[in-house]
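Since the structure comes first, as structure tokens, the remarks are kept for the end.
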Amino acid sequence: MSVPSAVPVVAIDGPSGAGKGTISRALAGRLNWHLLDSGALYRLVAYAGHSQGLAEDDKGGHARVAQQLDSRFGASADGGELILLSGIDVTQGIRSETAGMGASRVAAWPEVRAALLARQRGFARPPGLVADGRDMGTIVFPAAPLKIFLVATPEERALRRYNQLKGKDSAVTLAALSREIAARDRQDATRPVAPLVAAADAVVVDSTGLSVADVVGRVWRAGSERGLWREE
Ligand code: C5P
């Protein structure tokens, strides 16, 4: 399959809670580029499979769900994210750590990954794309002119996720979240297909202790050094 190269892509990969979503959204907003939240697609597959009553280990069934996924990404009235699955608002529903574990389970299956590949590449439209995930720089957009691998200490990642989720998921505790994130990262990093790994040509950015503006600044400099945009 050909990989689109005419449209510039910034690939932002890394483990859970490293800040990929926040940084990707900020960068896409600053550039006025499109945004791909690839993790949301895996979350939607697991969520839709569960809603349809599929067995947790039904790879073929989940691959069919991935192929036929009716997903829409937009903005809510207050400018926040809005994710629709077959026309139904699932923005909050897919964000729980349980949904994250479900996503990690289905994401380990090559059938599901293959079913989502063309859909993900379809997000690369002019003027450019910021793509957030685990394999954006290695598999989905290997020709991306800028690849960032965003990391942070496990403690900071767990705390960020906790702060994100505590208002939405009343059952969440920091200790349980730390364990779940560690388990999910282990599962993502050790799977045989598209494991969580930095592309050889990725710039590793450690966001521990940095503000969103600091991290965006580093990504911005890396992009201007590559001639993707001008330093401001
Ligand atoms: O980024 P997010 O936490 O929403 O991702 C949920 C899960 O989806 C990850 O733990 C990972 O297993 C899977 N994923 C993936 N490849 C991507 C994005 C997410 O395998 N490109």
Cα centroid separation - segment 189-232 against segment 47-109, whole Å: 27 Å
Average silhouette area of the chain, convex hull of alpha-carbon atoms, in square nanometres: 12.5 nm²
For L36, distant residues with modelled amide H under 5 Å away: V130, A131, D132
³J(HN,Hα), Karplus 6.51/-1.76/1.60, whole Hz, each residue of segment 146-156, x for Gly, Pro: 9, 10, 10, 10, 9, 10, 6, 4, x, 5, 5
Total formal charge among the other residues, if their Cβ is under 9 angstrom from that of F73, Lys/Arg +1 and Asp/Glu -1: -1
Max mean-square fluctuation residue, GNM over the chain, Cα-Cα springs under 10 Å, options H62, H50, H34: H50
Estimated vicinal HN-Hα couplings, Hz - segment 28-45 in sequence order (Karplus 6.51, -1.76, 1.60; Gly, Pro = x): 4, x, 5, 8, 6, 9, 6, 10, 10, 9, 5, x, 4, 5, 5, 4, 5, 5
Reachable lysines, given that their alpha-carbon falls under 21 Å from the alpha-carbon of K166 and they are not under 8 places away in the same chain: K20
Magnitude of the charge dipole, segment 9-224, Cβ model with Lys/Arg +1 and Asp/Glu -1, debye to 20: 260 debye
Calculated diffusion of segment 164-205, Stokes-Einstein form, Kirkwood radius summed over Cα pairs, 10 °C and 1.306 mPa s, µm²/s: 127 µm²/s
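Would you calculate a helix-derived [θ] at 222 nm for the chain, using -39,500 (n - 2.57) for each DSSP H run of n ≥ 4 and dividing by the full residue count, to the nearest 500?
So the helix-based figure for the chain works out to -14000 deg cm²/dmol.
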Antiparallel DSSP beta bridges within the chain, percent to nearest 5: 30 percent
Residue among G17, G61, G133 with the largest mean-square fluctuation in a Gaussian network model of the chain, springs linking Cα atoms under 10 Å: G61
With every protein chain in place, the chain: carbon and sulfur % of accessible area (1.4 Å): 53 percent
Under 5 Å, built H, 5+ apart or other chain: amide partners of K166: none
Long-range HN-HN contacts of V203 with modeled amide H, under 5 Å: K147, I148, F149
Surface accessible to a 1.4 Å probe, D58 within the full protein complex, Å²: 50 Å²
Among K147, K168, K59, residue whose mean-square fluctuation peaks in a GNM of the chain (springs only between Cα atoms under 10 Å): K168
Hz values of 3J(HN,Hα) by residue in segment 83-91 - Karplus curve (6.51, -1.76, 1.60), Gly and Pro given as x: 10, 10, 10, 6, x, 9, 6, 10, 3
Furthest towards positive pole of dipole, A26, P154, A182, structure part the chain, Cβ charges: A26
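The values are calculated or read from the model by the stated rules, or taken from the named source; none is laboratory data. This structure is a prediction, so every number in the text was calculated from the model and none was measured. Please note: Cβ atoms are built from the backbone with ideal geometry, for glycine as well, and neighbour counts cover all protein chains shown. Note: areas computed on protein heavy atoms with side chains; ligands, DNA, RNA excluded. Shrake-Rupley method; radii C 1.70, N 1.55, O 1.52, S 1.80 Å.
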